[in-house]
Amino acid sequence: MPTIAKLEIVPLIYRVPEGRAYGMARGLTSIRQASLLKLTTDEGVEGVGEAWGPPTVTKAYLDLIVSFFIGRDVYGFEHAVSAILSTYYHSGIQNQMTSCLSGIDMACLDAIGKMLGLPVVKLLGGAARDHLPIYASGGYFTATPEKDFPAQLERLRVSGIKRAKIKIGAGPQSDRERASVARKVLGDDIGILVDANGNYTVDEALDSMRRIADYGIEWYEEPLPPLDFDGYAVLRARAPIPIATGEALYTAWDFKRLLDLRAVDIVQPDLSLCGGLRAGREIALLARLHHVRLSPHVWGSGVGLAAACHFVASLPDYPHSRNIVQPPLIEYDVGDNALRDGIFKEPIIVENGACVLPDRPGLGVELDPLAVRRFSEH
């Protein structure tokens, strides 16, 4: 049985050109970063995954837990995680240890898929679909929003996408103004999603929702801080717009708490943060048992996007049969981020508003070593 012989981190850092910082209500960023987790078996098979967050922190956690994996059967990821969580129970789960485990999980499944000659979606239960509808994350805050925001929206309008997400959260009146501009530029045929990145209290979020509801908003993302579970329950009972959240929640335990409160309409696990693809499947099962929609958060490198494609492809259509009202969506970041396509020999294909599921073994993507090295040297 093949075992894990080596685990290493490859940092990925992309610095946005000067003067082009962009972001959300909590602040702007001029740096995009993630970590690749590279796994090698004793038979020389390689797998790759992605971990969210600053690479130096992820590397520190890998140093802490790597001994639980070296020499272990490559199929035994969940047993290693059980031992880690039991051993370091004082460390908690809402940290980059869980992000690191996310990358290792992806890397294990990528390696297993390559060993068996199967795409990862087969390891998750098989594909229900091979074209994965996306929504484009754009409409960011910038230092000069009066000039930049309409231009961002115009690029989205002509791109062929069917749904666009814009950033809000700077205040209810600002939210109304941004929603109005978005609807005017995008027209009536493109769905609009909004994202406050947890910058509001319940009363502020309700004020914001009431001001923008008339613009046909399909969901309101992260109105509250991620750990305000009770606030989400109160808000959802009064909200005129469906609520989405979950990108900053770790493991199925966090999502169970949220779902038990019936506090959300769409859950958004980030597979590079929540524990990986297998944790994502646990969260998807919880969502199905609570009859709640799911749409993964993706805001890192192309490896995380590939993982999200396999994950969404594997999700059953329940409770729908022939008429699928709202298909699961994948977030497709259109901000300045060379880490999405720039690290691959061939990028993930997007056509007619959907990602095409990679059908090669494993995650189905091939890294460009020169490009990876360029983003690793800093």
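In whole angstrom, how far apart do the alpha carbon centroids of region 3-82 and region 263-297 sit?
The two parts, judged by their Cα centres, are 21 Å apart.
With unit charges on the beta carbons (Lys and Arg positive, Asp and Glu negative) and the dipole taken about the Cα centre of region 122-370, which residue among Leu273, Thr201, Ala213 sits farthest to the positive side?
Toward the positive end, the furthest listed residue is Ala213.
Could you give the size of the charge dipole of region 4-117 about its Cα centre, using +1 on the Cβ of each K and R and -1 on the Cβ of each D and E, expressed in debye and rounded to the nearest 20?
Dipole about the Cα centre, nearest 20: 520 debye.
Taking the Cα centre of region 301-348 as origin, work out the dipole magnitude from +1 charges on Lys and Arg Cβ and -1 charges on Asp and Glu Cβ, in debye rounded to 20.
About 180 debye.
Given the peptides 221-231, 295-305, 192-202, 59-69, arrange them by the average over their residues of other C-beta atoms within 10 Å, most packed first.
Per-residue mean Cβ counts within 10 Å order the peptides as 295-305, 192-202, 221-231, 59-69.
Got the relative contact order for the chain handy, in percent, Cα pairs under 8 Å and 6 or more residues apart?
Contact order relative to length: 20 percent.
Give me the tail of P(r) for the chain as a percent: Cα-Cα pairs with distance above 33 Å.
Value for the chain (Cα pairs over 33 Å): 27 percent.
5 Å is the cut-off here: which amide hydrogens, built 1.01 Å from N in the peptide plane, fall below it relative to Ile330, excluding neighbours closer than 5 in sequence?
Result for Ile330 returns Ile134, Tyr135.
Among Ile166, Phe149, Ala128, whose Cα projects farthest towards the positive end of the dipole of region 117-175, with charges put on the beta-carbon of Lys, Arg (+1) and Asp, Glu (-1)?
Ala128
If you take every residue apart from Leu116 with its C-beta less than 12 Å away from the C-beta of Leu116, what net charge results, scoring Lys and Arg +1 and Asp and Glu -1?
That works out to +1.
Hey, what's the Kirkwood Rh for region 1-106 if you take every pair of different alpha carbons, in angstrom?
14.9
When you count, for each residue, the other Cβ atoms within 10 Å and take the mean per peptide, how do 79-86, 104-111, 118-125 rank with the highest first?
104-111, 118-125, 79-86
Could you give the dipole magnitude of the chain about its Cα centre, charging the beta-carbon of Lys and Arg +1 and that of Asp and Glu -1, in debye to the nearest 20?
360
Angle between the Cα long axis of helix 229-238 and the longest principal axis of the chain, 0 to 90 degrees, nearest 10?
40
Extending each Cα 7 Å along its Cβ direction at Ala128 and Ala5, get the distance between those two points in nm, one decimal.
3.9
Collect residues whose amide H, placed 1.01 Å from N in the peptide plane, falls under 5 Å from the amide H of Glu247; neighbours closer than 5 in sequence don't count.
Gln268
Using +1 at the Cβ of each Lys and Arg and -1 at the Cβ of each Asp and Glu in region 4-117, identify which of Ser99, Ala21, Val48 lies farthest towards the dipole's positive end.
With unit charges placed on the Cβ atoms, the residue in question is Ala21.
Treating the angle as unsigned and between 0 and 90°, give the value, to the nearest 10°, between the Cα long axis of helix 77-87 and the longest Cα principal axis of the chain.
With rounding to tens, the tilt is 80 degrees.
Determine the gain in length on full extension of the stretch Arg322-Leu227; use 0.36 nm per residue of separation and subtract their C-alpha separation, reporting nm with one decimal.
Result for the pair: 30.5 nm of gain on full extension.
Beta carbons within 10 angstrom, averaged per residue: use that to sort the peptides 162-170, 264-272, highest first.
The peptides rank, most packed first, as 264-272, 162-170.
Considering only DSSP beta bridges with both partners in region 122-370, what is the antiparallel share in %, to the nearest 5?
The antiparallel proportion sits near 20 percent.
Cut-off 15 Å, label point 7 angstrom out along Cα-to-Cβ of Leu285: give me the residues of region 112-126 whose amide nitrogen falls inside.
124-126, by backbone N distance to the label point.
None of the figures in this text is laboratory data; all of them are computed from the coordinates on show. Predicted, not measured: the structure shown is a model, and the values here were computed from it. Glycine also receives a Cβ, built like all others from the backbone with ideal geometry; neighbour counts cover every protein chain displayed.
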